[in-house]
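I have placed the structure first, in the form of structure tokens, so that the comments after it can refer back to it.
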Amino acid sequence: MNIVQWWDELLQGLETELQVGLAHGIELLNSTIEQTLLPLIKIPEPAAPWQRLYVYQAGVESLPSGTWPLNDHAWQITAHWPQTIPLLELPEHYLWLEIPSMRQGDQLLLCRAWAKADPHSLPPKLSLGRHQAWGWTQGVTLPADGEWHLLEVCVHLAAPETEPGLIKLALEFIAPGQAWLRDFEVLQAPAKLRPLSELFPKHKTNSET
């Protein structure tokens, strides 16, 4: 074997080891994220049956955020530029007054809505969130097929802080477009939290094995 062949084989071996090491590193990173990070940001399960708070139906009630034309028994919502169009805004302290249990630990809010988007433009996202310095927003993008879909978006509200937030339900358009909303409802339930011992399982040491 001459020096050129030896050098080529050495480079090929190093390249193979790097690829194997990189693949193993990516697999280890994905496993770590799945086991430690995702449980922290995952929406918990409800600890009790959902309680309906608000229901809005096109042609029966008006949207609290404004007046939109009715088309085929649905609100026709049009965006002429990228914009967020509010559908419902709820000061959190109003919810505390109406539902005292919401001040007793973590809560879940769920929005269910029948909606469809114009298939010829970029579809908007239905978003629900708690708008405050450390608020969270969750969202689901409407399928761009022109068909009606029942959408659900849920947010986890941590135990009440000294500064109540503003709960917002909105359609977020990233480009001019159109969507139709037939009805939507907002529901509430206490959150079923997992104990920290499950989120961060104790690893066995050599002396414990």
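Exactly one of these conditions fails for Glu163: (1) part of a loop (DSSP other than H, G, I, E, B); (2) modelled with pLDDT under 85; (3) crowded, with 21+ Cβ neighbours inside 10 Å. Give me its number.
(3) is the only condition that Glu163 fails.
Quick check on the stretch 174-209: of everything there that is among the small types (Gly, Ala, Ser) and in a strand (DSSP E or B), which residue is modelled with the lowest pLDDT?
Ala191
With the requirement that a residue be within 18 Å of Phe184 (Cβ to Cβ) and not hydroxyl-bearing (Ser, Thr, Tyr), what does the stretch 80-104 give you?
Scanning the stretch 80-104 gives Ile85, Pro86, Leu87, Leu88, Glu89, Leu90, Leu95.
The values are calculated or read from the model by the stated rules, or taken from the named source; none is laboratory data. The structure presented is a predicted model; accordingly, all values stated were derived computationally and were not measured. Positions of Cβ are backbone-derived with ideal geometry, glycine not excepted, and every protein chain shown enters the neighbour counts.
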